[in-house]
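Reviewing the structure listed below.
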Amino acid sequence: MRLWGVVSGVAWRTLKIVITTPSLLVPSLMFPLFFFVAFAGGLSQVQNVPGFDYPNGYTAFQFVFVLLQSAAFGGVFTGFGVARDFEGGFARRLMLASPNRTGIVLGYGIAAMLRWCITATLLTAIAFASGMTVGGGPVDLIGLYTLALVINMCGFFWSAGIAMRLRTIQAGPLMQMPVFLLLFLAPVYVPLALLGGAMHAVAKFNPITYVLGTGRGLLAGDPTQVALSFSLALALALVFSVWALRGLRSAEAAG
């Protein structure tokens, strides 16, 4: 109960701040919508390239990427909030008042998931309104959104670890840039088979490549490498959760 009190309090406060602060809420909503419109609309003719064989069309192909991207950055943006709380002094007071400080990380993590759920709902509604075709059934869609939630946790744990070590919003680029690079070194615009040269070699060893492929397969109703993708995503989440908890210990040591 002592743990849940910390978790629920931190999650509620974080989510309330985001929802009631347009400068925090609007960018997290507009960022993925901009990418979806730019990619799915502006690059729709890519589906006519020989070898592009995704059955549900380019809108659905790009929707999966933008969904996973929004999940990752939903976690990162919550990490920005952790850094702001440390920079403003609130997080230090929170640590003094918390009987179980692990609940602080879990509370921020739940807020990251709920924050992303708002973005995902809006993004999904717009995708359906634009005529996106879905081939997968309810189980496939649950798998897709569950996979995105794991990626959301990866983004949060990574950024929270940075935030708790550096304890300043100036660390924002360090939280954001590695996630951005990892996402865009995957098959964003075309399937892996159509990538060439160094980009293909890098994407082949990028775990996000397999997460993207599985997500697109789930949306199309033809899932592939599900076990591998979930294993990679969960392994990343586990590693970064340890990273975040060790960041909490660093913040505790710094006082």
GNM flexibility winner over the chain from A244, A71, A160 (Cα, springs under 10 Å): A244
Of P178, P207, P187, the one that fluctuates the most in a GNM where the chain has Cα springs shorter than 10 Å: P178
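Please report, as a whole percent, how much of the solvent-accessible surface of the chain comes from carbon and sulfur atoms (probe radius 1.4 Å). Working shown, then result.
Working: 8100 of 11380 Å².
Taking all protein chains in place, the chain shows 71 percent carbon and sulfur surface.
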Label selected from [x] 18.7, 61; [y] 21.8, 76; [z] 25.3, 75, the criterion being Rg and Dmax of the Cα atoms in Å as computed here: [x]
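How much accessible area per residue does the stretch 178-246 have, counting only protein heavy atoms and a probe of 1.4 Å, in square angstrom?
Details: 3330 Å² over 69 residues.
About 48 Å² of surface per residue is accessible.
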V49-T20 pseudo-label distance in nm [points 7 Å out on the Cα-to-Cβ vector]: 4.7 nm
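Sorted by average packing, counted as other Cβ atoms within 10 angstrom per residue and highest first, what order do 214-224, 147-157, 130-140 take?
Details: 214-224: 21.2, 147-157: 26.1, 130-140: 14.0.
Output ranking for 214-224, 147-157, 130-140: 147-157, 214-224, 130-140.
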Nearest-ten-degree value, helix 207-220 long axis tilted from longest Cα axis of the chain: 60 degrees
Fluctuation leader among A129, A38, A203 - the chain, Gaussian network, Cα springs under 10 angstrom: A129
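Order E252, E87, most accessible first, counting only protein heavy atoms with a 1.4 angstrom probe.
Values: E252 55, E87 95 Å².
Listed by decreasing accessible area, they come as E87, E252.
Find, among the chymotrypsin sites (Phe, Trp or Tyr not before Pro) in the stretch 164-255, those assigned to loop by DSSP (not H, G, I, E, B) with at most 14 other beta-carbon atoms within 10 angstrom. The partial results should precede the final answer.
Values: sites: F180, F184, Y189, F205, Y210, F230, F240, W243; in loops: Y189, F205.
Taking the stretch 164-255 and a limit of 14 other Cβ atoms within 10 Å, the loop chymotrypsin sites (Phe, Trp or Tyr not before Pro) found are F205.
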From phi via Karplus (6.51, -1.76, 1.60), per-residue ³J(HN,Hα) for the stretch 113-129 in Hz, x at Gly/Pro: 5, 5, 4, 5, 4, 5, 4, 5, 5, 5, 4, 5, 4, 5, 4, 5, 5
The stretch 109-149 and the stretch 218-254: distance between their alpha carbon centers, rounded to Å: 19 Å
Order by protection proxy (mean Cβ within 10 Å, highest first), peptides 57-68, 112-123: 57-68, 112-123
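The values are calculated or read from the model by the stated rules, or taken from the named source; none is laboratory data. None of the values given here were measured: they were computed from a predicted structure. With ideal geometry, Cβ positions are generated from the backbone for all residues, glycine too; neighbour counts draw on all protein chains shown. The accessibility values were calculated without ligands, DNA or RNA, using every heavy atom of the protein model including side chains. Shrake-Rupley method; radii C 1.70, N 1.55, O 1.52, S 1.80 Å.
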